[in-house]
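Nothing in this text is a laboratory measurement; each read-out follows from the coordinates by a stated rule. Since the structure is predicted, the reported quantities are computational estimates derived from the model, not experimental observations. A quick note on method: Cβ atoms are made from the backbone with ideal geometry, for glycine too, and the neighbour counts reach across all protein chains shown.
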Amino acid sequence: MNGGPRPLGSWEGEPVEEWARRWGVPHVEAYEELPSTNDHLRALARAGASPFTVVIADSQTAGKGRAGKRWASPRGKGLWISFLVKGDADVPPTLVPILVGLAAIRTLERLCPSLRPGIKWPNDIEVEGRKLGGILCEGMGAGTVVVGVGLNLSQGIEDFDPGLKERAASMEMAGCRDVSRSRVAGELLSAARSLMNPPPALLDEPLRQEVLDHDILKGRTVRTEVGVVGTARGIAADGALLVEVDGRVEEIRAGGVRAVESGESARAESRKYRKRAT
Ligand code: BTN
């Protein structure tokens with residue numbers, strides 16, 4: 001990578017090799033700044049990187065969200081991390097994002113027992129109706145997936161762009177303070193390794209139940225990206241979203257969904273944060 005960004009020798013006060021040892025992963029690369037940790041890891045994967053190779057950046061200049069959106073990644077305010085998952089070529093593409101979501105949920109619950117995080121299919125981690133984290137999984141073929149996770153840690157409401165102030169949250173805003181990025185990374189990687197090293201072909205029943213227990217769309221009216229409106233009925237063993245439309249359950253495997261809000265509950269959540277922030 002001549003002329004490219006230079007990896008840091010140490011991150012959060014420890015040599016990067018020490019983080020790799022503590023986290024039980026083969027290789028960690030940390031950077032002060034990258035365009036996108038996902039793009040960087042993709043290049044490492046093409047050069048033959050092992051499963052659970054990890055890339056972290058203190059900030060990203062072109063952080064990517066789902067559907068071509070930008071992911072704001074201010075310096076030191078969150079965990080911007082990518083890791084490589086390798087499984088059988090026939091692991092359903094809908095499954096890995098759900099397993100990563102579960103890993104993020106387990107991380108938050110372990111570090112902040114008072115938090116009630118939820119998964120909003122397919123890739124959002126929400127707390128009290130606000131998005132605290134996002135997941136971007138990019139398949140490279142033959143069962144190799146670049147997994148990117150962004151978790152907001154220490155932003156205040158003033159740190160978010162105007163369009164996000166009503167919808168975004170950080171761990172700190174949710175009352176979970178003074179948790180270091182290295183602890184969040186360690187818990188996330190440990191949960192991810194126990195769930196996806198390698199990923200299963202399908203969710204077994206206990207895992208599916210754990211997902212359902214955190215499924216914030218269940219029972220709500222949702223609208224899919226292609227305009228189908230129905231009632232969310234949980235998540236299938238392959239990670240598909242189940243939506244009941246006119247008495248028939250459809251399996252949604254692509255695109256995003258939007259909850260058709262009752263309006264009042266969403267406004268009440270926003271007010272709560274505005275009060276806390278003042
Ligand atoms: C989303 O909610 O739309 C997904 C957001 C994913 C953001 C993370 S931050 C680390 C990794 N690198 C990227 O460029 N994106 C992901």
**Message:** Can you classify segment 1-112 as rounded, prolate or oblate using the Cα gyration tensor, where a ≥ b ≥ c are the square roots of its eigenvalues, rounded means a/c under 1.5, and otherwise it's prolate if a/b beats b/c and oblate if not?
**Reply:** rounded
**Request:** Show which aspartates and glutamates lie in cross-link reach of K218 when reach means a straight Cα distance below 18 angstrom and same-chain residues fewer than eight apart are skipped.
**Result:** D124, E126, E128, E205, E210, D238, E244, D246, E250, E251, E261
**Asked** What's the lysine pair count for segment 10-213 at a Cα cut-off below 20 Å, pairs eight or more apart or interchain?
**Response** 13
**Request:** Can you check what the net charge comes to around D58, using other residues whose Cβ is under 10 Å from the Cβ of D58 (Lys, Arg +1; Asp, Glu -1)?
**Result:** 0
**Request:** Using only the Cα atoms of the chain, build the gyration tensor, take square roots of its eigenvalues as a ≥ b ≥ c, and label the shape rounded, prolate or oblate: rounded if a/c is under 1.5, else prolate if a/b is larger than b/c, else oblate.
**Result:** oblate
**Asked** Based on the Cβ-Cβ distance from D90 to R46, what FRET efficiency comes out when R0 is 30 Å, to the nearest 0.05?
**Response** 0.85
**Message:** Can you tell me the length gained on complete extension of the stretch A201 to V260, counting 0.36 nm per residue apart and subtracting the Cα distance?
**Reply:** 18.1 nm
**Asked** Is segment 100-182 best put as rounded, prolate or oblate by its Cα gyration tensor, with a ≥ b ≥ c the root eigenvalues, rounded for a/c under 1.5, and otherwise prolate when a/b is larger than b/c, oblate when not?
**Response** prolate
**Prompt:** Using θ = phi - 60° and the Karplus curve 6.51 cos²θ - 1.76 cosθ + 1.60, what whole-Hz ³J(HN,Hα) does each residue of segment 185-196 get, with Gly and Pro shown as x?
**Reply:** 4, x, 5, 5, 5, 5, 5, 5, 5, 6, 9, 9
**Fill in**
Given Cβ charges of +1 for Lys and Arg and -1 for Asp and Glu, the option among L202, L217, A142 whose Cα lies farthest towards the positive end of the dipole of the chain is L217
**Message:** I want the antiparallel fraction of DSSP beta bridges within segment 10-213, as a percent rounded to 5.
**Reply:** 80
**Complete:** Taking W121, W23 and counting other beta carbon atoms within 10 angstrom, the fewest-first order is W23, W121
